[in-house]
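Q: One structure, as structure tokens, below. Some questions next.
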Amino acid sequence: MEQTSEILLHLTALEVAHLKEGVNFLRNKENGKKVIIFKEGENIQACKNLCKHQGGTFIKDIEDLDGRTVRCTKHNWKLDVSTMKYINPPDSFCQDELVIEMDEDGGLLLAELTPPNPWDTEPQTPIELEIGEVQVTYLTHASMDVKFGNKHMIFDPWLTGPAFARGWWLLHEPPTDWLERLCRADLIYISHMHSDHLSYPTLQKLSEKRPDVPIYVGNTERPVFWYLNNSGVKLTNIHIVPFGVWQKVDEHLRFMILMDGVHPEMDTCIIVEYKGHKILNTVDCTRPNGGRLPTNVDLMLSDFAGGASGFPMTFSGGKFTEEWKAQFIKTERKKLIHYKAQLVKDLKPRIFCPFAGYFIEAHPSDKYIKETNIKNDPVELNKLISEGNIITWTPKPGATLDLGRLLKDQSDRDGIVDPPSGTKIFKDSWDFERYLDKISSSFDDEIFHSPSWIKEYFTWAGFKGYNLVIRVIETDEDFAPLPQGYNYLVDFWDLSFPTERPSREHPYEEIRCRATVLRHVVKNGLLWDDLYIGFQTRVQRNPDIYHHQFWNHFQIKLPLSPPDWNSFVERENKNRTSAQNCNVM
């Protein structure tokens, strides 16, 4: 299949002559497509008016004095259209340029190259499904048990324990037979490494009963199972598959994993096809497959809730008043729910189900986050969508959707079967101490007896050459500094550890961390998502700038192997013994 192009805008020679120097915002009146053209002398560049971060619209940047940048209305990201690079946050993404072609009359054609859709290879003619042949059972959060004929496939099993260290807990009580369902699975798909999808407490229980269950993940830059060898979980049948290629399970069942357009290094989504009928699961992808998705699917699953970030709840100082946070959260959730609704309406699936957002900040010490971090209501989203000819499903644990029955008759009430009356829907206990005790066990580790661990850890992390100074303060549960905790500076310009902030001009962040979780992360070489997304920090920054390179490194790009703490302790003990011998002499 050859690559094709889509004409987004055609400008006549007169319209080209009227382009102003600098940034031009244009819209195709026929199809509504919006583009940005940057003109500098005879040079012309163009891109879609669509932010690569989360699909926001660009407008004029009133702070730009050179006439080169535009600002996204969604998160205030700024794009330098003359270079197609984002300058806020710096060193993050590059915008895709449009192809510019001259026509015979001196006009311009702006086109977007569109590679062939991989799911169109080896097309299957849909075969009518029997009632009961394809059944989708909701377990909890992003986990579904899907029966395709005599095969069972499970998505993202987070069914016990917390996620992101101890910040997220399951909102719904999963069906009592969840472990039996995992053990009988013919294949399990895990979309990415975030712990509300890759749940080691869940996989631990599975591995004790059936370590050879087939598990499939995408071939992301950051391996999904990078932490497996250090987790104690023994799984023996993990398959890493390429993107955009059909994986055949049997004569009728196949699936294809696709990458996220914004975070291709870690996020994935999946298309599953059975007898020509497609299920699209976009999971958490910000722009699944760069926004190119099939429109002929029978069932679409998508996240909906928002609130999967420490921003702005964990920030303080400056503009971050409670009033500002509340308004920001309200606005962002509204933008997200309308974006999701529009995406579903554009793709026109026969059935839509919002999932992957049913979590709660349940621990009593996170009461502030729970009350502040308001999430979208799936019922409200479904109301926005059901105005069209799309069936919507707000799932309950153990509820089952019969795809064949609903495709035959959308009004068939037996197409969706709720759990039996009296079934427990919401969790009211989480066994906190069991999991918190495990995290806290790192606190008194020998590693932390010497302050040299700080240099050892950040040297291992490998982030330097960036003008940023951070102060890390170890705290108690309420983010008050621990009297005997560490309080230190890290200057990433030269990776030094000064006792005072350097005299040069520099951005500064103060990060207060719950000491038990911080030391757990440090000891095991875990990503800082456990701190940031897990709401285990409180952050102040001056100036108020998002340092993409810093956070991206510690959230995604840390080394795959943890620090060699055994060697570190041996060196420290040797140095300590040598010092003692010198004192004796």
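Throughout, read-outs are computed from the coordinates displayed, never taken from laboratory work. Just so you know, these numbers come straight off a predicted model, no measurement behind them. Ideal geometry is used to build each Cβ from the backbone, glycine not excepted, and the neighbour counts take in all protein chains shown.
Q: Would you mind calculating the relative contact order of the chain from Cα pairs under 8 angstrom and at least 6 residues apart, reporting the percent as a whole number?
A: 12 percent
Q: I'd like the FRET efficiency for D445 and T423, computed as 1/(1 + (r/R0)^6) with the beta carbon distance as r and R0 of 51 Å, rounded to 0.05.
A: 0.75
Q: Give me the distance between the Cα centres of segment 224-264 and segment 472-534, rounded to whole Å.
A: That distance is 34 Å.
Q: Let me ask something additional. What do you get for Rg/Rh over segment 172-282 if you use C-alpha atoms and the Kirkwood form of Rh?
A: 0.96
Q: Highest first, please rank the peptides 481-492, 372-383 by the mean number of other Cβ atoms sitting within 10 Å of their residues.
A: Result, highest mean Cβ count within 10 Å first: 372-383, 481-492.
Q: Putting +1 on Lys and Arg Cβ atoms and -1 on Asp and Glu Cβ atoms, find which of G32, L14, I44 reaches farthest to the positive end of the dipole of segment 1-58.
A: Sorting the options by dipole projection puts first G32.
Q: Relative contact order for segment 441-579 using alpha-carbon pairs under 8 Å, separation at least 6, rounded to a whole percent?
A: Relative contact order of segment 441-579: 26 percent.
Q: Work out the charge dipole of the chain with +1 on the Cβ of Lys and Arg and -1 on the Cβ of Asp and Glu about the Cα centre, then indicate which of A185, H197, P162 is farthest towards its positive end.
A: Of the listed residues, the answer is P162.
Q: Continuing with the same structure: Assigning unit charges at the beta carbon (Lys, Arg +1; Asp, Glu -1) and nothing else, what dipole magnitude in debye, to the nearest 20, does segment 441-579 show about its Cα centre?
A: Using Cβ point charges on Lys, Arg, Asp and Glu, segment 441-579 gives about 280 debye.
Q: Going 7 Å from the Cα of K334 toward and past its Cβ, which residues in segment 368-386 have a backbone nitrogen under 18 Å from where you end up?
A: Answer for this model: 373-378, 380-385.
Q: Next question. Whole-Hz ³J(HN,Hα) for each residue in segment 181-196, computed from phi via Karplus 6.51 cos²θ - 1.76 cosθ + 1.60 with θ = phi - 60°, x for glycine and proline: what do you get?
A: Residue by residue, segment 181-196 yields 4, 5, 5, 8, 4, 7, 7, 10, 9, 10, 6, 6, 7, 4, 6, 8 Hz.
Q: Order 143-154, 81-92 from most to least packed using the mean count of other Cβ atoms within 10 Å. Mind dumping the intermediate values first?
A: Details: 143-154: 21.0, 81-92: 17.4.
Final packing ranking: 143-154, 81-92.
Q: Further question on the same structure: What's the extension gain from I62 to Q342 if we count 0.36 nm per residue and subtract their Cα-Cα distance?
A: So the chain would gain 97.9 nm between I62 and Q342.
Q: Which of (1) 1.11; (2) 1.00; (3) 1.05 is the computed Cα Rg over 2.2 N^0.38 Å for the structure on display?
A: (3)
Q: Please say if segment 4-114 is rounded, prolate or oblate, where rounded means a/c under 1.5 for a ≥ b ≥ c the square roots of the C-alpha gyration tensor eigenvalues, and otherwise the choice is prolate for a/b larger than b/c and oblate otherwise? Before the final figure, lay out the partial values.
A: Details: a/c = 1.90, a/b = 1.46, b/c = 1.30.
In terms of gyration-tensor shape, prolate.
Q: Continuing with the same structure: Between H239 and R292, what is the FRET efficiency for a Förster distance of 22 Å, r being their Cβ-Cβ separation, to the nearest 0.05? Display every interim value, and only then the final one.
A: Working: r = 25 Å, r/R0 = 1.12.
In this case the efficiency is close to 0.35.
Q: With +1 on the Cβ of every Lys and Arg and -1 on the Cβ of every Asp and Glu, and nothing else charged, how large is the dipole of the chain about its Cα centre, in debye rounded to the nearest 20? The partial results should precede the final answer.
A: On the way: 67 positive and 83 negative charges, 171 e Å.
For this selection, approximately 820 debye.
Q: To continue, here is another question. Extending each Cα 7 Å along its Cβ direction at T121 and Q327, get the distance between those two points in nm, one decimal.
A: 5.1 nm
Q: With a Förster radius of 60 Å, plug the Cβ-Cβ distance of Y488 and E251 into 1/(1 + (r/R0)^6) and report the FRET value to the nearest 0.05.
A: In this case the efficiency is close to 0.50.
Q: For segment 381-406 and segment 310-366, what is the separation of their Cα centres, given in Å?
A: Comparing the Cα centres of segment 381-406 and segment 310-366, I get a distance of 21 Å.
Q: If you take every DSSP beta bridge whose two residues both sit in the chain, what share of them, in percent to the nearest 5, is antiparallel?
A: Bridges in the chain are about 75 percent antiparallel.
Q: Size of segment 75-186 along its principal axes in angstrom, Cα-based, largest extent first?
A: Dimensions of segment 75-186 along the principal axes of its Cα atoms: 67, 46, 18 Å.
Q: I need the peptides 504-513, 535-544 ranked by packing, meaning the mean over residues of other C-beta atoms within 10 angstrom, with the highest value on top.
A: So the peptides 504-513, 535-544, ranked by packing, come out 535-544, 504-513.
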